[in-house]
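Just below is one structure, and these are the notes that go with it.
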């Protein structure tokens with residue numbers, strides 16, 4: 001199932017009748033009057049917009065404008081989240097088994113040794129502020145879990161490009177040399193003879 005269609009379907013089911021009629025009104029310059037009069041649901045309206053290529057999974061500015069116009073900031077933020085995270089990683093985009101084992105060990109050490117400065121590390125890895133904010137909101141009083149979930153998010157985002165060497169480089173870039181050393185020590189036995 002296409003994740004973009006799923007998103008549009010959820011938008012459609014959350015629209016009130018007055019919001020739908022506002023959207024139809026706003027689309028008057030783009031869609032013919034007769035077509036618009038036949039529209040009875042958000043799904044039907046989105047289908048026409050897709051048909052006319054006014055919205056696609058990588059071209060959402062028009063849709064974003066519509067949602068802002070009807071003051072549905074909640075849907076705007078869902079749309080932005082979709083754009084930010086893109087489609088779900090395909091399985092062949094995963095690191096190999098050895099790299100996964102190294103990552104798991106490295107993440108354990110990092111979670112045990114990095115404290116309040118975890119955001120600096122995660123920024124260095126390139127994770128967006130929005131993703132960090134969502135993780136903090138989901139785990140408001142658990143520092144360890146915030147860091148762990150952020151690193152998991154980084155792994156998902158990077159896919160097979162997620163490397164332990166990047167974690168160590170980011171640690172050193174944040175002057176967390178002691179933690180970087182501990183990660184390297186932990187990985188040493190895992191790395192010998194299994195390349």
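Each value in this text was obtained by applying a stated rule to the coordinates, not by laboratory testing. In this text, all values refer to a predicted model and were calculated from it rather than measured experimentally. Here the Cβ is made from the backbone with ideal geometry for all residues, glycine too, and neighbour counts use every protein chain on show.
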### Task
With springs connecting C-alpha atoms under 10 Å apart, model the chain as a Gaussian network and identify which of 33, 80, 160 has the largest mean-square fluctuation.
33
### Task
Report the relative contact order of the range 3-85, percent, no decimals, based on alpha-carbon pairs under 8 angstrom and at least 6 residues apart.
32
### Message
Which one, 49, 127, 79, has the greatest fluctuation when you compute a Gaussian network model over the chain with C-alpha springs under 10 angstrom?
### Response
49
#### Entry: Kirkwood-based shape ratio for the range 3-85, expressed as Rg/Rh from alpha carbons
0.92
### Query
Over the chain, with a single point scatterer placed on each C-alpha, what log10 of the ratio I(q)/I(0) does the Debye formula yield at q = 0.13 1/Å?
-0.78
### Task
Can you tell me the 0 to 90 degree angle between the C-alpha axis of helix 129-138 and the longest principal axis of the chain, rounded to 10?
80
### Task
Report, to the nearest 10°, how far helix 3-14 tilts away from the longest principal axis of the Cα atoms in the chain, using its own Cα long axis and a range of 0 to 90°.
50
### Query
Which whole-angstrom value gives the distance between the alpha carbon centres of the range 119-146 and the range 67-81?
23
### Task
Grab the DSSP H runs of the chain that are 4 residues or longer, score each as -39,500 (n - 2.57), total them, divide by all residues and round the 222 nm result to the nearest 500 deg cm²/dmol.
-21000 deg cm²/dmol
### Task
Please report the orientation-averaged projected area of the range 91-191, defined via the convex hull of its C-alpha atoms, in nm².
6.0
### Query
If you line up the long axis of helix 73-85 against the longest principal axis of the chain, both from Cα atoms, how many degrees apart are they, to the nearest 10?
50
### Message
Show me the ranking of peptides 115-121, 180-186 by mean Cβ neighbours inside 10 Å, starting with the highest.
### Response
180-186, 115-121
### Summary
Taking 99-110, 11-22, 140-151 and ranking on average Cβ neighbours within 10 Å, highest first, one gets 99-110, 140-151, 11-22
